[in-house]
1. Could you list, in sequence order, all residues of region 520-545 that are at pLDDT below 85 and out of contact with any His (no Cβ under 9 Å at 6 or more places or on another chain)?
2. State all residues of region 100-151 that are open to solvent by 10 Å² or more (accessible area, probe 1.4 Å), touching a residue at least 60 places away in the same chain (Cβ under 8 Å) and among the polar types (S, T, N, Q); if no residue qualifies, say none.
3. Just to verify a result, which residue in region 548-570, among those that are of a type outside the set (Phe, Trp, Tyr) and more than 56 Å from the chain's Cα centre (by Cα), is most open to solvent (accessible area, probe 1.4 Å)?
4. If I go through region 339-385 residue by residue, how many of them are among the aliphatic types (A, V, I, L, M) and open to solvent by 40 Å² or more (accessible area, probe 1.4 Å)?
5. So which of 247, 258, 243, 324 ends up being under 30 Å from residue 176 (Cα atoms) and free of Cβ contacts under 8 Å to residues at least 12 places away in the same chain?
6. Would you mind stating whether residue 253 is modelled with pLDDT under 95 and either part of a helix (DSSP H, G or I) or in contact with an Asp or Glu (Cβ under 8 Å, 6 or more places away or on another chain) (or both)?
7. What number of residues within region 642-653 are farther than 17 Å from residue 590 by Cα and either surrounded by 17 or more Cβ atoms within 10 Å (Cβ to Cβ) or at pLDDT 80 or above (or both)?
8. For region 30-70, what are the residues that are of a type in the set (S, T, N, Q) and in a helix (DSSP H, G or I)?
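The values are calculated or read from the model by the stated rules, or taken from the named source; none is laboratory data. The shown structure was predicted, so the numbers you read here are calculated from the model rather than taken from an experiment. Quick reminder, even Gly has a Cβ in these numbers, built from the backbone with ideal geometry, and neighbours come from all protein chains shown. Just so you know, the surface numbers come from the protein's heavy atoms only, side chains and all, with ligands and any DNA or RNA stripped out. Shrake-Rupley method; radii C 1.70, N 1.55, O 1.52, S 1.80 Å.
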Amino acid sequence: MADTRRRFNIKPFRAHVPMDKTVAQQTWGALANAIDEIYNRNASQLSFEELYRNAYNLVLHKYGTLLYEGVTQKLHEHLTATAKRLEEVPDSKLLEEISITWAEHQITMIMVRDILMYMDRTYILKERRRPVYELGLHLFRLDVWEHPNVKERASDLLMMAVANERDGRLTDDRTILKQIVAMLLELGQADSSNVYEIDFETPFLGQTQDFYRVESLSFLSRNTATDYVIKAIRWLEEEKDRANALALPLTTESPLQAMIETELIDRHARTLVDMEMSGFAALLKDDTKLTEMRDMYDLFVRVPSSVDFLREALAERIKADGKALISDQEKGASDPPAFVKGVLTMRERYDKIVDVSFRGEKKTRKRMRESFEDFLNVDARAASCLSVYVDELLRVGLRGATEDQITQELNRVIVIFRYLSDKDVFESFYKQHLAKRLLGGRSVSDDAERAMVSQLKAECGYQFTSKLEGMFNDMRISRDLQDSYKSFKRNQESQQSGETSGNIKAVDIEVDVLTNGYWPSQNVPACTLPPQVQDAIDRYTKYYLEKHTGRKLSWQTSAGAAELKATFGNGSENHHRHELIVSTYQMCILLLFNDFDSLTLGQIRTKTHIPDSELRRHLISLCTPKHRILRKGSRGRGISSDDDIFTFNAEYTSKLKRVRIPLVKESSVSKGGDAASGPASAAASAAVSAVNGSVPLPVEEDRRHLVEAAIVRIMKARKSLGHNDLIAEVTRQLSVRFNPPPQFVKKRIESLIEREYLERTLDDHRVYNYVA
C-alpha cells in the first residue's frame, strides 16, 4: 500500500535584499510615466501586473512616502492643466466639458487606484493618509472645480439651466446637469466638505424660492383660484420630476418641496379660500364643484396647517346655512318638518362634500359635526322640531315604505338626533306625540314605532326609553284586557234580555288602561259625560277592579274618540244618516242637542264642565264651513261671549257616510284679548315656546331633579370633591340627556347645601363634603 503522507522540504533562509534609492526613483519614474499614459488614453499599452508589482515593491521597501507624494504631485500637474483647458472653454460648452472631464477623471482614478491597491491597504492605513481614489477627488475639487474661472461660471450656468427649464426653454441636456450634481455630491462626500451645499444647493433653493414667490403672486393676480390650483399642482409635479431627473438627494429634495409648498400654498392659503367667485368658500355654495374643491384640498393637504382654512370655511358655511334655516323657521316661512327636512338636506349635502372633496378626512368630519351642533343647539328649537318631524313620519310619511326604506329614514333622523344636546326636550315632545299616535291608532306600523325606540335606546341607553317601552307594554296589555272584557260582556248579555236605559241603547266602549308614570301627565279635570257613557264606564270600572285589586282608575276625558250615529234632515222623507267620528268633548257637546235645539256657550259649559279653552276649540270645530254640524249665532271665527248661541244644523250634508270632524288649531280659538287658559292650553303653550327656542317648564323642572340626583349620587360615592371636579362629573353623567350649564349646576349645589345634603369644608369653600 502506497505511503500517502505529505512530505515537507526545508529550504535555507533567503536574506532580505533592500531596494536602493536609485532603483526606487527609477521604479517611481516608470509608474509616473504610466500615469501620464493613462491620462493620455494609452492605457491599453501598459502592463498593469508589472505596474502593480512596482508599486508593491516600493511600499514593501519603505518607499511608500515617495510613491504617495509622487502620485499626489503627478495628479496635481494633470489637473492643473485640465483647469487651464477648461478656463478657455466658452460658456455654451463649459458644463458639457466639465461633465466629460469628470467622467474621464473617474476612470483614470480607478486605474490608478488598482495599480496602487497595495499602498491603499498598507501604507495609507498605517500613515492615515487619503486613499488614492479620494485623493484624486480632493485634488479635482481644489485644482479644477475651485479654479476661479471655472466654479463661478459653472455655478451660474447651472442656475441658468434650471431657470431656463422653469421658463420652458430646455437649452441643456438634463443628463449633463445630473452628472454635474452627482460630481459635486461625490466631491463633498469624499472630501467631507460642503462643496455641494455651498456651490449648488444653497443658490438652487434660493433661486427656487424667489421664482415661485414672484410667479405664484403674478399668476394668482391674473387668474381664478381653481386655475391657480391646477397651475400649482403642475409646478409641484414639474419640480418633483426635475428633482428625480437630477437625482437630487433627499436632503435637498425635502427642503425643496417644503419651500415650494410654502410659497405656492401656505403663503396664499387664505386668499385661495376667500377669493370672490372662485375661492373655496364660494365653491361650497355650488354642488357641482366637488372636483374643484377636492383638487384644492389635495393641494392644501401638502401643508397640513393650511387645511384648517378649508375646514374653517366649511364650518362657517354650515353655520350660515343653519342660521338661515332658523331664521326662516322664526319668520314662519317653514314649519317644524320643513326645518328638519332642510337640516337633513344640508347634512347629506355637506356629508357628500366631506366624503368627496375632503376624501372623508376625520378631522373635517368632526368639524362638520361640531358646526351642526353649534347652530342646532342655540336653543331647544331643533329638539322640538325633530320630534314633530318624527311624528309626521310615523303617522303618514312612512306609509307604504319597505323595511329598508323605514330603516334608512330613521337612520337619517338619528344622525340629527346625535347632534342635539337637549335630548330630554326631544324625549318630552316625542313622548307626547307617541301617546297621541298610540291612543289614536295613527301609527303607520308598530314595527316602525319599535324600530325608532330601538334606535333611541341604542343611542342613549335603557333609562332614556324605559317609559317609551312602558307605553308599548300598556297598549299590548290593554288589547288583551279589551278582548277579555268583550268576552265578559257577551256572556253577561247572553244571560240578560239586553241592557237599556229608556230609549237609549247601551254604549260599547274600548278602554286603554295606561300606567300613570309612563304617559304624559294630563292634569285636566274630568268633564261630565252623558249618562249612557257614564254607565258604560261604571260597568268597565267594576269589571277591572274585580280583576285587579288595590288599583285605581282615573278617567282622562280630555282624550279619546267616539263614533256617533246622527240623523239629519227635515221630515221623514228627507232625512239622511252619517256616522260622525269625533273627540270625547265633541261627543259630550253633540249629545246635548238630543234634548235641546239651541244652547249658549255658558249653558254648554255648565252642563259638560269642559275647560273653557277646550270647549271653545271643540265648538268652533263643529261650526267650520266644511263640517257645520252646529250653527253659531255670532259672526266671525271666534266666540265673542258666553251668550253666543249654538243651534243644531239639521241641513248638514256630506258625500261621505263616515265623517271625521277634525279639531281646529288652538290659534284659531281666541278672539281679540280672549286668552286661552287652563292646563291643556298651558301644555300647548309650552310646546309653542319650545318651538320658539325655550325649554318647556316641565323639562326644566326635570332637569333640576336630575342634576340634584347626580350631585348626591356622586358625592355619596366620593365623600369629598372640589367644585370644578364636581361640575365636570355631573356634566359627564348627564350629557346623554342634556348639557347642564355650570351656573345651573352651581345653583343646585347651593340648594343642596341649604337643605343640608352637602357642606363646604372649613379650609376651602370650593370643596364640598357629603352629609350622611
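1. The answer is 520, 521, 522, 523, 524.
2. 122, 149
3. 565
4. 2
5. The unique qualifying residue is 258.
6. Spelling it out, residue 253 is indeed modelled with pLDDT under 95 and either part of a helix (DSSP H, G or I) or in contact with an Asp or Glu (Cβ under 8 Å, 6 or more places away or on another chain) (or both).
7. Of the residues in that region, 1 qualify.
8. 33, 44, 45, 54, 57, 65
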